[in-house]
Amino acid sequence: MRLSERDKAIMNHIRKQDFCFYKDILTKFFPSYASGSRRLNQLKNSGYLTIENFKEKSLLKVLDERSLALIEKSSKIVYLQKSHLSNYEYIRLSRIKIRHQILLFSLKEQLEKILLVPAVFDNEIKENRYTLESGDHEPYPDLYFKGRSFKLAVEFELNIKSKNRYDLKIIDYSNSSFSHVLYVVGNLKKKDRLLEYFAYKEGIGISHYGEPETVFSYSFGKIPLWEWLKKEQER
């Protein structure tokens, strides 16, 4: 099978984040669902792509009903077959927390629509990390957004870590080029513990995977994302 330039672009796009949602590939690269579905199936049958339904029972333990409902709407995923990955990529692909990566990509899509700027994601973050005066690299968020008046780091938390780990990370963020840090939880019940951890911390917000356009802040309470970004900048 001869690959077209679009086929190559699709494969490069998938390689950047390991997995993609099937519907997102169709939307980004094809004029219609029918033509896209037909071509992706051809790539699958020729050994380039794997297309399967994403069913992860362990998600029930970490996500609330609203978050699960979003995943059900985008349950089919696409990724490269082993023969088209380098050995390093294959090892990384087999060891990463698959559920986190898939959910993170979905979150990226949601936030791009809200903020109207493209996310810097995965390998791009590694290539664009600043070196601090101490010689260390600045923190490595799950993804970030750079607007005219903000640079927003996004951390997606399926499970809450110890307060000490968050304290160390926030110290690193305070010395970095990021103006805001948004922690997104998959289960809204976990936001209260993060609010306790980040009491009186400026530039820190908590949001929910099912409603990332709303931020919970110790200083401002429940507030729209855009308004939170603005208020934190004005302090």
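What follows draws every value from the coordinates through simple rules; no lab data is involved. Given the structure is predicted, the values throughout are model-derived calculations rather than measurements. A quick note on method: Cβ atoms are made from the backbone with ideal geometry, for glycine too, and the neighbour counts reach across all protein chains shown.
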(Q) Residues of the stretch 8-44 with backbone nitrogen within less than 13 Å of a virtual label 7 Å along the Cα-to-Cβ line of Met1, please, listed as ranges. (A) 8, 10-11, 36-44
Q.
Using a Förster radius of 25 Å, what is the FRET efficiency between Asn45 and Glu109 based on their Cβ-Cβ separation? Nearest 0.05, please.
A. 0.40
Q.
If amide hydrogens are placed 1.01 Å from N in the peptide plane, which non-local residues have theirs closer than 5 Å to the one on Val215?
A. Ile223, Leu225
Q.
List the pairs from Lys146/Lys230; Lys82/Lys146; Lys76/Lys191; Lys16/Lys44; Lys16/Lys201; Lys16/Lys222 whose alpha-carbon separation is above 24 Å, in the order I gave them.
A. Lys82/Lys146; Lys76/Lys191; Lys16/Lys201; Lys16/Lys222
**Q.** Cα centroid separation - the stretch 1-57 against the stretch 210-235, whole Å
**A.** 36
Q: For the stretch 3-43, just say rounded, prolate or oblate: build the C-alpha gyration tensor, square-root its eigenvalues into a ≥ b ≥ c, call rounded for a/c under 1.5, and beyond that prolate if a/b exceeds b/c, oblate if not.
A: oblate
Q. Non-local amide H neighbours of Tyr183 (under 5 Å, H modeled in plane, Pro and chain starts lacking H): which ones?
A. Glu155, Gly205, Ile206, Ser207
Q) Gain in length, Asn53 to Asp24, computed as 0.36 nm per residue apart minus the alpha-carbon separation, to one decimal in nm? A) 9.0 nm
Q) What FRET efficiency comes out for the pair Ser83/Tyr140, r = Cβ-Cβ distance, R0 = 35 Å, nearest 0.05? A) 0.70
